[in-house]
Amino acid sequence: MPYKKLLRNVAFVFCIVVTGVHAQTIESFVIADIRVEGLQRISAGTVFNYMPVKVGDEFDETASAESIRTLFQTGFFRDVRLSRTGRTLVVQVDEFPTIFSIQFTGNEGIEDDALRDAMSQADFIEGRVFNPTVLDQVVQELKNQYLSRGKYAAEVETDVQDLARNRVAVNINVREGDTATIKKISIVGNESFSDKELLDEFESKTSSMLNFFSKKNQYSKETVSSDLEILTSFYQDQGFLKFRIDSTQVSITPDRENIYLTVNVVEGQQYRISQFKLTGRLIVPEEDLLPLVYIAPGELYSRALVDGTVELLNNRLAAEGYSFAEVNPVPEIDDDSNTVSFTINVNPGRRVYVRRIEIIGNNTSRDEVIRRELRQLEGGWYSPALVQRSKIRLQRLGFFDEVEIENEPVPGSSDQVDLIVSLTERSTGSFLVGVGFSGDDGILLQSSITQANLFGSGKQLSIGADRSSIVQSVNLQYTNPYATDSGVSRGFNATYQRIDSWAAQTAAYITSTVGGGVNYLFPLSEFMSFSAGASYDKIDLESTQYTPPELINFIDGNPNNNIYKFTSALAYDTRDSLLYATRGLSMSLNMEIAAPGSDLEYYKANARASWYIPLIRDFVFKVSADLGYGDSYNGDVGLPFFKNYYAGGVTSVRGYEVRSLGPRDSRFFPLGGAARVLTNASLLLPIPGSAAKDKRLALFIDGGQVYGPNQTIELSEMRFSAGIGFNWLSPMGPLAISYAKPLNSKIGDETESIQFSIGRMFE
């Protein structure tokens, strides 16, 4: 019973008794005046408004009883007395005090806000009238909150302190006790499936060594309710149409520490589908709808397949603009033959259009930057699929922490909605001067100015300089993602880079590169794109006293090189995020070609693929592969050594030292190779106890190897490792840390368990 209603009923009974005591001596008279005494906070006008009589009315025993009853029902007063002085009606009241403060102590398992929410349902909050009867009800509700969480030993005590000006401070002291654990779960009445088969479906588990460090053995009313629904779904998906849970008993031991749960079930008979038919207003041709019906004659009845059919039909109708269609499968059960037939009634309703799209929260980004990413357009049919795709495209921009798109019905119209796009912007610009460290490049001195959303236009500008023991570089990049209205992207870059490979613990040589180029990206479809670019690089090669003999002749013959380079890529990408994808597929084929007329003529080809598969509770399974190969036009020359592939380290095969896998030079330093194979399988999971979306863990298995120009690609030579990784989009940039152990290292391999970097993200 709601608290307010209960309080009114209590007041009603109480006021009848009081009426008999305080009103029986008042004789009938005509009221000339009404005087209220005893008020402290409540105004006399409030009392007059509630009084059922006024000046000029005749006052008798009936009016007296009704007046007292009405004033008690306000909940403002703990006592009301009526008396008469001449023709003046005197109303004497004793107000309940107000609640000045409510404090909690001892509540570790439930936050203060959750307890306050439970109390607010009884209108027991600061600033309201204090009523001891309501407080008792609140205490019982708080106990129920703990009981639902399995804390059967919880005790709730109250301490009410009187304060000045008719106020009270309420202190609620909680002794939670331990959560009761599930000692045994018994299922009675199951004949078709064993207890183990059914209990494996449950989230609740019994106490055991395996569950010692988890909370799955702790009793929770909500979890048990969910398990019972899972049990029902399990049976109904196996054809048991009339399965039901007859009763559920929860027994607790006298010490209130252990729970025994008994579930009594009635399986019934298995039913098969006899037939189905589509009826109603089929605005989509029946032959287009039939392939979406998962149920088939002769198959076992499955609630999941029926629900899946409804969802697919609804999605198909939504694609035609009927976003609020109703698909209702009506069963006809034949108990004699244990079969069920379905009449699937389709009511598309009215086609719904989007009248207006309103964008809020974009304080920096221009409206046009957001609208050009929307696939749901004003004036078009409302499509949940297009709305969802619009949301994903906005998330992939990287400009916003939160993106929400909601629809609101247009007042007075049954076939129009407005879309509200709510955005929470993140900082897209940075100025960085600092020191970092990478397992690949050692100590880094960095300075950069980056703006991924230049003046809110969506254009990107980056100017940076890096200096480490390996690399000294200066880079300028500018990209306009919408150089044309059709979405063609154009970017420019200019760079200077000097690399000392000896400092990277690879074959010793020095390259100095000055270059620049332009690149275009052409969208071919919603998920596919093609890019093409041209650039010029002037690459100077230097040898050192440690340069291996096999490289010296090449460097002496090609100290200065002019490279006219063409690049192209074909990409397919359905990921929901570029940084922390939870679903989708990313595939690309990349080519780099040194054009004829260059001092060195070569090509490199890369094929990459990553597949993100959502599991349960924000867990994601990822599998990826990366294949690369390069050579020269003249097969005798081979791929220039400074374009070689490398593997090993936090960005490829963790557990092996950076760039250490593959061929070695005559000094036994890594030389890299003309071919590379990389693989990865990861279980991506959120940080326990954290709801932040900018970090996550990964349990991974890496594999990879690099092969020289004269080597056969032998997969048996691949190296593998397994471990755990941590990725965080920190204020200093992407941070990746991993701990890995090689699984099949061989003599001569260089291993390294802990690896990390700032500025590059692997998962």
- Item | Condition met for VAL188 (among the hydrophobic types (A, V, I, L, M, F, W, C), outside the structural domain of ARG617 (by TED's automatic domain parsing) and crowded, with 18+ Cβ neighbours inside 10 Å) | no
- Message: Of everything in segment 539-584, what is among the β-branched types (Val, Ile, Thr), within 30 Å of ALA698 (Cα to Cα) and surrounded by fewer than 16 Cβ atoms within 10 Å (Cβ to Cβ)? Give them in sequence order.
- Response: none
- Query: Would you pick out the residues in segment 238-294 that are among the basic types (Lys, Arg) and at positive phi?
  - Reply: ARG256
- If you check every pair at least six apart or on different chains, which have Cβ atoms under 7 Å apart with a residue in segment 413-424 that is farther than 21 Å from LEU394 by Cα first and a residue that is charged (D, E, K, R) and exposed (fewer than 15 other Cβ atoms within 10 Å of the Cβ) second? SER414/ARG350; ASP415/ARG350
- Report, by residue number, each residue of segment 647-677 that is among the polar types (S, T, N, Q) and touching a Phe, Trp or Tyr at 6+ places or on another chain (Cβ under 7 Å). THR651
- Item | Counted residues, segment 671-699 - those being surrounded by 13 or more Cβ atoms within 10 Å (Cβ to Cβ), farther than 19 Å from ILE737 by Cα and modelled with pLDDT under 90 | 0
- Message: Among the residues of segment 366-385, are any within 30 Å of GLN236 (Cβ to Cβ), in contact (Cβ under 8 Å) with a residue 24 or more places away in the chain and assigned to a loop (DSSP other than H, G, I, E, B)?
- Response: no
- Item | segment 700-741 - residue that is without any contact (Cβ under 8 Å) to a residue 24 or more places away in the chain and hydroxyl-bearing (Ser, Thr, Tyr) and, of those, surrounded by the fewest Cβ atoms within 10 Å (Cβ to Cβ) | SER716
- Query: Does segment 334-351 hold any residues that are surrounded by fewer than 16 Cβ atoms within 10 Å (Cβ to Cβ) and among the charged types (D, E, K, R), and which are they?
  - Reply: ASP334, ASP335, ASP336, ARG350
- Of all residues in segment 515-538 being among the charged types (D, E, K, R) and either in contact with a helix residue (DSSP H, G or I) (Cβ under 6 Å, 6 or more places away or on another chain) or assigned to a strand (DSSP E or B) (or both), which is surrounded by the most Cβ atoms within 10 Å (Cβ to Cβ)? ASP537
- Message: Please verify whether ILE295 is surrounded by 16 or more Cβ atoms within 10 Å (Cβ to Cβ), of a type in the set (Val, Ile, Thr), more than 14 Å from PRO329 (Cα to Cα) and at pLDDT below 95, treating the condition exactly as stated.
- Response: no
- Just for segment 76-129: of the residues that are of a type in the set (Phe, Trp, Tyr) and not in a strand (DSSP E or B), which one is surrounded by the fewest Cβ atoms within 10 Å (Cβ to Cβ)? PHE76
- Scan segment 264-279 residue by residue and report those that are within 26 Å of VAL224 (Cβ to Cβ) and not in a loop (DSSP other than H, G, I, E, B). ASN264, VAL265, VAL266
- Within segment 607-634, residues being surrounded by fewer than 18 Cβ atoms within 10 Å (Cβ to Cβ) and closer than 14 Å to GLY708 by Cβ number 1
- Item | Every residue from segment 350-397 that is within 22 Å of ASP485 (Cβ to Cβ) and out of contact with any strand residue (DSSP E or B) (no Cβ under 8 Å at 6 or more places or on another chain) | ARG366, GLU368, VAL369, ARG372, GLU373, ARG375, LEU386, ARG389, ILE392, ARG393, ARG396, LEU397
- Note on the structure: Over segment 657-681, the set of residues touching a helix residue (DSSP H, G or I) at 6+ places or on another chain (Cβ under 9 Å) and either in a strand (DSSP E or B) or among the acidic types (Asp, Glu) (or both) is ASP665, PRO670, VAL677
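The values are calculated or read from the model by the stated rules, or taken from the named source; none is laboratory data. Computed from a predicted model, the values in this text were never measured in an experiment. Positions of Cβ are generated from backbone atoms using ideal geometry, with glycine treated the same way; all protein chains shown enter the neighbour counts.
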